[in-house]
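One structure is given below, encoded as structure tokens.
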């Protein structure tokens, strides 16, 4: 029981610090230290976790990726590419289409911190519309995550397949209703938020389609290098940076000067804090303790299946950590001889809702920071969409239950 109390106390503290408008990175960092202390960590244990976080390959990789993304986006914005992209797309598409499309297309890439790539495009595109910071945040965040439940190139897919002993196509066949529910929710609740200023005449000639294609070549180059040539994200973005520098004849000195260093350091600390919380949760074994409590008190399986991934998702904000920690514990419930689709779907929905809800989710926190959005407005919009997805998921659970 003590582990459950510790987890809930850490979540409560994080919520209070956010309400008090403390910097998001500091709020998450303090919550991680608080959880560690409650779990019995001494000062040396906390320092050890700091070193583990800093030296972990996934932490270092994400930090480096975000540095490259920040440079890439800064150059695109400073030297006119973002303006050209939005200008060309606005000639052939309504803002209700191209603003969410930017997030949707970039979201096809399993890129840590990818919200920073689509956010400037959403920001630039929103200049032709009336959209608040909170609305832009949720639009950028929501549409880029539609791919993840069904995309085989996201890293949690092969990991989950290995843990569950199932094929990726089978996992996709279980999880696809979540992506469909997100699309429907986005159409119903988010597209109406994009209020267009005046009437705009759209052009459908080949010339304007060609202009639109040319404007997004830096992004297309990065996408092709990652998906087709299988280059690393870092090398692909570096190639995109060199392409922009070459095409615009930008000196490296001007490129470096275009970077907002204050924003970059703020984002890097935020990401470090998220990873520090993640490693503190994992190293404390508090999740295992919560699972044992649920078993001891004979909590129904469907509650365990939903609740455990949900809590891990809230605390870590990462799909690989959420399912990598919870699925091995839940495996005896998820499968007997074969995987039970209903049980796997319940576990996935629980984890997914936790991941999408929490400020420890890198994409959500980055979007909030980028758009300088207010938490209250952002969460009012976000929770409405998550509640809709949850409702449709429950209906699908009933279909699965009664079709067996």
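Find the Cα radius of gyration of the range 41-134, compare it with 2.2 N^0.38 Å by division, and give the number to two decimals.
Numbers: Rg = 18.0 Å, N = 94, 2.2 N^0.38 = 12.4 Å.
It is 1.46.
Determine the relative contact order of the chain: mean sequence separation of Cα pairs under 8 Å and six or more apart, normalised by residue count, in whole percent.
On the way: 525 pairs, mean separation 102.4, N = 404.
After rounding, I find 25 percent.
If neighbour count is taken as other Cβ atoms inside 10 Å, put 185, 258 in order from fewest to most. Numbers along the way, then the final one.
Numbers: 185 20, 258 16.
Sorted ascending by nearby Cβ count, the order is 258, 185.
Quick one: Cα centre-to-centre distance for the range 1-77 and the range 242-274, in angstrom?
23 Å
Is the C-alpha gyration tensor of the range 251-404 telling us rounded, prolate or oblate? Criteria: a/c under 1.5 is rounded; beyond that, a/b larger than b/c is prolate, otherwise oblate.
Values: a/c = 2.63, a/b = 1.86, b/c = 1.42.
Prolate, because a/c is 1.5 or more and a/b exceeds b/c.
Taking percent of Cα pairs over 34 Å apart straight from the coordinates, which label in [x] 31; [y] 34; [z] 65 is the correct one?
Calculated percent of Cα pairs over 34 Å apart: the matching label is [x].
How do 350-356, 135-141, 241-247 rank on mean C-beta neighbours within 10 Å, highest first? Mind showing how you got there, number by number?
Numbers: 350-356: 25.1, 135-141: 27.9, 241-247: 15.7.
In decreasing order of mean packing, 350-356, 135-141, 241-247 become 135-141, 350-356, 241-247.
For the chain, take the longest principal axis of its alpha carbons; what is the angle in degrees between that and the long axis of helix 81-92, to the nearest 10 within 0 to 90?
Approximately 80 degrees, to the nearest ten.
Would you calculate, for the chain, the mean residue ellipticity at 222 nm contributed by helices, counting each DSSP H stretch of 4 or more residues as -39,500 (n - 2.57) and dividing by all residues, to the nearest 500? Intermediate values should be presented prior to the final figure.
On the way: 21 runs with 306 residues, N = 404.
Result for the chain: -24500 deg cm²/dmol, rounded to the nearest 500.
Which order results if 370, 297 are arranged by neighbouring Cβ count within 10 Å, fewest first?
Details: 370 22, 297 8.
Final ranking by Cβ density, sparse to dense: 297, 370.
What is the extension gain from residue 2 to residue 207, computed as 0.36 nm multiplied by their sequence separation minus the C-alpha to C-alpha distance, in nm to one decimal? All intermediate terms of the calculation are to be shown ahead of the outcome.
Details: separation 205, 0.36 × 205 = 73.80 nm, distance 6.55 nm.
67.3 nm is the gain from fully extending residue 2 to residue 207.
Would you mind getting me the FRET efficiency between residue 288 and residue 336? Use the beta-carbon distance for r and R0 = 22 Å, nearest 0.05.
Calculated transfer efficiency: 0.50.
Can you tell me the 0 to 90 degree angle between the C-alpha axis of helix 319-334 and the longest principal axis of the chain, rounded to 10?
Tilt of helix 319-334: around 40 degrees.
Nearest 10 degrees is fine. How inclined is helix 362-371 to the longest principal axis of the chain, computing both from alpha carbons?
Its long axis makes an angle of about 40 degrees.
Just so you know, all these numbers are worked out from the coordinates, no wet-lab data involved. Computed from a predicted structure; not experimentally measured. So basically every Cβ, Gly included, is an ideal-geometry build from the backbone, and we count neighbours across all protein chains shown.
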